[in-house]
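Engineer: Have a look at the structure that comes next, please.
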Amino acid sequence: MVGKAVTARAEVLARLRAALVDAPTPVDVPRHYRRVAESVDLVELFVDRLVDYRAVVHHGFDALPRLLAGVDRLAVPDDIPGHWLTGFAGQVRRDTPPLSPADLDGMDAVLTGCAVAVADTGTIVLDAGQAQGRRVLTLVPDRHICVVRTGQIVGLVPEAVARLDPRAPQTWISGPSATSDIELDRVEGVHGPRRLEVVLIPDDDVIAPGR
Amino acid sequence: MRHPATPAGVPSTGGGRIRAPLPFPTAARSAVADDQLRANLHRATRTIRGKRVRAVDEVPDWAALRDAGAAIKADVQRRLPELLERFEAAATAAGARVHWARDAAEACRIVVELTRAAGADEVVKVKSMATQEIELNEALAAAGIAAHETDLAELIVQLGDDTPSHILVPAIHYNRTQIRDIFRRRMADAPADLGAEPRELAEAARLHLRRRFLEAKVAVSGANFAVADTGTLVVVESEGNGRMCLTLPQTLISVVGVEKLVPSFADLEVFLQLLPRSSTGERMNPYTSMWTGVTPGDGPQDVHVVLVDNGRSAVLADPVGRSALSCIRCSACLNVCPVYGRAGGHAYGSVYPGPIGAILSPQLTGVADNASLPFASTLCGACADVCPVKIDIPEILVHLRQQAPHPVAERTAMRTLSWIMRSPRRWALALRVARRAAGPLGAWRHRRTGTRTLRRLPWPASAWTRSRDAPLPAPQTFREWWEKQ
Ligand code: SF4
């Protein structure tokens, strides 16, 4: 073909414009779905949903030292609140300098906070914000202990989306890693952490970065 | 390389693994006769149907979510060129590089070049329909690059030298002992005494892939959604293999069909509810990852997005058929389809099987190239009932049947059927009439032959029965049966 070379970009866009010659009428998106949960006990619902997908739930700060007692090497994000580690006698590995995947593979557990949690679906969302660190931290270790303040729990997915910044890398976690690939039976534990433990703490616990 | 001989700017059909090499009835014959396959499919689809119903029933605003999902996708189709440009600008500003591909071959070439530029001779892959569609693994292999599938089901299929037979669970046609046998035979590090418990099989896959994840330089993914306003990509998964691929390697290449866009980040609130409940029947899948370009110090620092047409512009050009582009690949329509349940996925000859495949593949390739697929359906309507984005699959099937080259008698019959189907009242009435007329005849045939089919219909429909038996209308419709369950 003679003439100027058409870039793939120009070509694809031109094809799509040509495909729309019938000028479809504008669409009004009806949004009659629930944007906010009706009054329910969010904590109770969240716990129920977590347990249903085989996450282990602990209540209150006192649970942390007990949980950590069995851990030798613990990975944590740099800005973990210092008092979360009170009484922890094992090795703390902070993410500075950045832990390599191989380092992380040798950890017994990782301890983080979260950005927001969804009661309706039993989901915790991490967005690399405070007390969460890089995505890889919560991926390679086989056990993830996640501290959730009750005030971080919202009812529905739309409430969580509204609280999140799209530019931050996000990981939505609902129960431990699982597969349904064999006869559609759900089996927990493939590549992500095989144990997910959630520690619920009251909202008045101030997250103060401490080293 | 030459591109399809169409003048610039004309919607164009695509290539790759979307063409059925054999007519559907021929391809389905061996599957229908395979009792093991039928039993595996039956068990799996029954399980998932039950889970989906429970997950959907607990959502009081499900109908409103479907309405919103369907409307958002219709809006995207209407504004696709503009939204793609917006996506490109946002992703680029966030540090990603956006590439465009007219067809499968061009998309493959881009991925090969990017992989070479990253200095890698192997890639880890997240399960993705788009890369299956463009036959990326084959193209990588031809370029000397090994592609490692990391999704358990994709791994099973890859080790078994097979092709996927289901959108969500590509190895749905295997049961646990068959999977164990494949692992024992083809997975070098699988324990010799590997058992058939799903837990053991998953553990074997974990160990097999772990080192690969930790050392991989390049990952290739698809995307479930791409947000136009922000340039964000979303991958929905279960096992964590997706997170491994999206987080650990330095280079990430995502192959994304142009129809995957949603306008705004807030629109995800609809699809993150519709998709998991419709596909795996879960309130939420274990892991959803979202990333926007490059995050310094966190995850891949060399991020690419390949936007692929490969026939989608041709689908968009058909005002009736374009809503097939709304599909979010949940696979609910496969799991309820009586034809899929008997024939399995391979009979469709395309990476897109089942009802969605019957309407999407022929539109991607042009109906003439996939003429039998629009007939791979009983038009029972179960697919449309479950579709989370309300694609009227039977309507599109009938529409495509009219474009298929086939005898006049058939076309006439289909035209009538289409007219009847356009009105639910006419359709219900026609079914009732047909059933009443066929009732005694069907009972007689059933007593004599054990089937409710006729060998020969009177002219002009005899053209149809020359090559197949005509089913008599079922005593009750799927909808009636369903409502009674
Ligand atoms: S057509 Fe609808 S039901 Fe079928 S896979 Fe696509 S979204 Fe799901």
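Engineer: Between the DSSP loop rule and a limit of at most 15 other Cβ atoms within 10 Å, which GluC sites (Glu not before Pro) in segment B:43-130 are left?
Structural biologist: Filter output for segment B:43-130: B:GLU58.
Engineer: Excluding B:ASP298 itself, what net charge comes from residues whose Cβ is under 9 Å from its Cβ, given Lys and Arg +1 and Asp and Glu -1?
Structural biologist: Summing Lys/Arg as +1 and Asp/Glu as -1 gives +2.
Engineer: Taking amide H atoms as placed 1.01 Å from N in the peptide plane, list the residues 5 or more away in sequence, or in a different chain, whose amide H sits under 5 Å from that of B:VAL305.
Structural biologist: For B:VAL305, whose amide H was placed from the backbone, the distant partners under 5 Å are B:ARG97, B:VAL98, B:HIS99, B:SER254.
Engineer: A follow-up question, please. Quick one: grab the alpha carbon gyration tensor of chain A, order the square roots of its eigenvalues as a ≥ b ≥ c, and give me rounded if a/c is under 1.5, else prolate or oblate depending on whether a/b is larger than b/c.
Structural biologist: Prolate is the answer for chain A, as a/c is 1.5 or above and a/b outweighs b/c.
Engineer: Continuing with this model, one more query. Give a residue-ordered list of calculated ³J(HN,Hα) values for segment B:211-223 (Karplus: 6.51 cos²θ - 1.76 cosθ + 1.60, θ = phi - 60°; whole Hz; x for Gly, Pro).
Structural biologist: 5, 4, 4, 5, 9, 5, 9, 10, 10, 10, 10, x, 7
Engineer: Can you pull a Stokes-Einstein diffusion coefficient for segment A:71-191 at 20 °C (1.002 mPa s), Rh from Kirkwood over Cα pairs, as a whole number of µm²/s?
Structural biologist: Diffusion coefficient, whole number: 140 µm²/s.
Engineer: Which one of A:PRO26, A:TYR53, B:ASN241 has its Cα pushed farthest toward the positive end of the charge dipole of the protein assembly as shown, where Lys and Arg give +1 and Asp and Glu give -1 at the Cβ?
Structural biologist: Among A:PRO26, A:TYR53, B:ASN241, the one farthest towards the positive end of the dipole of the protein assembly as shown is A:PRO26.
Engineer: With N set to the residue count of segment B:131-194, report its C-alpha Rg divided by 2.2 N^0.38 Å to two decimal places.
Structural biologist: Ratio of Rg to 2.2 N^0.38 Å for segment B:131-194: 1.17.
Engineer: Rounded to a whole number, what is D in µm²/s for the protein assembly as shown from Stokes-Einstein with the Kirkwood radius over alpha-carbon pairs (4 °C, 1.567 mPa s)?
Structural biologist: For the chosen part, D equals 49 µm²/s.
Engineer: Can I ask one more? For the pair B:ASP385/A:ARG163, report the inter-label distance in nm, with labels modelled 7 Å from Cα in the Cβ direction.
Structural biologist: 3.8 nm
Engineer: Placing +1 at every Lys and Arg Cβ and -1 at every Asp and Glu Cβ, with all other atoms neutral, what dipole size does the protein assembly as shown have around its Cα centre, in debye to the nearest 20?
Structural biologist: The dipole of the protein assembly as shown has a size of about 3360 debye.
Engineer: Report the local net charge at A:LEU67: Lys and Arg +1, Asp and Glu -1, summed over other residues whose C-beta lies under 12 Å from its C-beta.
Structural biologist: Surrounding charge for A:LEU67 is 0.
Engineer: Right, something else. Per residue of segment A:46-53, what does 6.51 cos²θ - 1.76 cosθ + 1.60 with θ = phi - 60° give for ³J(HN,Hα)? Whole Hz please, x for Gly and Pro, Karplus curve as stated.
Structural biologist: So the Karplus estimates, Gly and Pro as x, are 4, 4, 4, 6, 4, 5, 4, 9 Hz.
Engineer: Would you pull out the residues with amide H under 5 Å of B:ALA147's amide H, same chain only if 5 or more places away, H placed 1.01 Å from N?
Structural biologist: B:VAL123
Engineer: If you don't mind, there's one more thing I want to ask. Could you derive backbone 3J(HN,Hα) for segment B:96-108 from the dihedral phi with the Karplus parameters 6.51, -1.76 and 1.60 (θ = phi - 60°), listing whole Hz in sequence and x where the residue is Gly or Pro?
Structural biologist: Using θ = phi - 60°, the values come out as 8, 10, 9, 10, 10, 10, 6, 8, 4, 4, 5, 4, 4 Hz.
Engineer: If packing is taken as the average number of other Cβ atoms within 10 Å across a peptide's residues, how do B:69-80, B:331-342, A:68-79 rank, most packed first?
Structural biologist: Going by the mean number of other Cβ atoms within 10 Å, highest first, we get B:331-342, B:69-80, A:68-79.
Engineer: Let me ask something additional. Sum up the charges of everything whose Cβ sits under 12 Å from the Cβ of B:GLY119, counting Lys and Arg as +1 and Asp and Glu as -1, but leave B:GLY119 out.
Structural biologist: -1
Engineer: For every helix of n ≥ 4 consecutive DSSP H residues, a contribution of -39,500 (n - 2.57) applies; sum these over the protein assembly as shown, divide by its total residues, and give [θ] at 222 nm rounded to the nearest 500 deg cm²/dmol.
Structural biologist: Helix contribution divided over all residues of the protein assembly as shown: -12000 deg cm²/dmol.
Engineer: Ratio to report: Rg/Rh of segment B:30-73, with Cα atoms as the point set and Rh obtained by the Kirkwood method; give two decimals.
Structural biologist: With Rg and the Kirkwood Rh in hand, the quotient comes to 1.25.
The numbers here are math on the coordinates, done by the rules we state, and not lab data. In this text the structure is predicted, and so the values were computed from the model without any measurement. Every residue, glycine as well, gets a Cβ built from its backbone with ideal geometry; the counts of neighbours run over all protein chains shown.
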